[in-house]
Amino acid sequence: MSYLQASLDVNTSLAELSISADKLVSILGNLLDNAIYETSFYKDKWIKIRIDQEDNWFVFEITNPGTIAPEIRERIFEPGFTTKGQEGTGMGLFIVKNLVREGGGTISFDSRDDDIMTVFTVRLPKTPMEPGN
């Protein structure tokens, strides 16, 4: 039996996050669920999570082994699209995309065939501080 190796790199307190905690949990939960599922196909089971801030953005990266086939890359955010067969609803990435957009952010992914890994990146804006705070 092999265990999942997880690394977590947090470089921010998430102060001034522009979305509610429950929406962030939904976003990260769906991305982590997909990443963990994908590790089941590999001997080396690992995920990397990075939470950081860059300028006026919070950046959340989830990296896992595996790649997204080129022929489905444009479909992964469609409602009902799944690669998990009966195990999936195909709603996870659709929900993530909508929550990220609703929060004024962006979501992207880089599926690297040469490194056999996929990185999902969510960028969410910081809420501007009130004058005098």
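Computed from the coordinates by the stated procedures, all read-outs in this text should not be read as laboratory data. Model, not experiment: these values are computed from the prediction. Glycine gets a Cβ as well: all are built from the backbone with ideal geometry, and neighbour counts include every protein chain shown.
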*asked:* Tell me the angle of helix 92-102 to the major Cα principal axis of the chain, expressed in degrees between 0 and 90 and rounded to the nearest ten.
replied: 20 degrees
*What label, among [x] 11, 27, 27, 21, 11, 3, 0; [y] 12, 41, 33, 11, 3, 0; [z] 10, 26, 34, 27, 2, belongs to P(r) over Cα pairs in 10 Å bins from 0, in percent computed from the structure on display?*
[y]
_Expected output is a single nm value to one decimal: the length gained when fully extending between I36 and T83, i.e. 0.36 nm times separation in residues minus the C-alpha distance. What is it?_
15.5 nm
*Over what distance in Å are the Cα centres of region 28-68 and region 74-133 separated?*
11 Å
*Residues with amide H under 5 Å from that of K126, placed H, sequence gap 5 or more*: W57, F58
_Among N56, I36, V10 the positive-end extreme of the charge dipole of region 8-62 (Cβ point charges)_ = I36
*Within the chain, percent of DSSP bridges classed antiparallel, to nearest 5*: 80 percent
_Treating only the Cα positions of region 24-72 as identical point scatterers, give the base-10 log of I(q)/I(0) from the Debye formula at each q in 0.15 Å⁻¹._
-0.48
*Please state the charge dipole magnitude for the chain, taken about the Cα centre, from unit charges on C-beta atoms (+1 on K and R, -1 on D and E), reported in debye and rounded to the nearest 20.*
240 debye
*Taking amide H positions as placed 1.01 Å from N in the peptide plane, with prolines and chain starts having none, which residues 5 or more places from Q53, or on another chain, fall under 5 Å of its amide H?*
V59
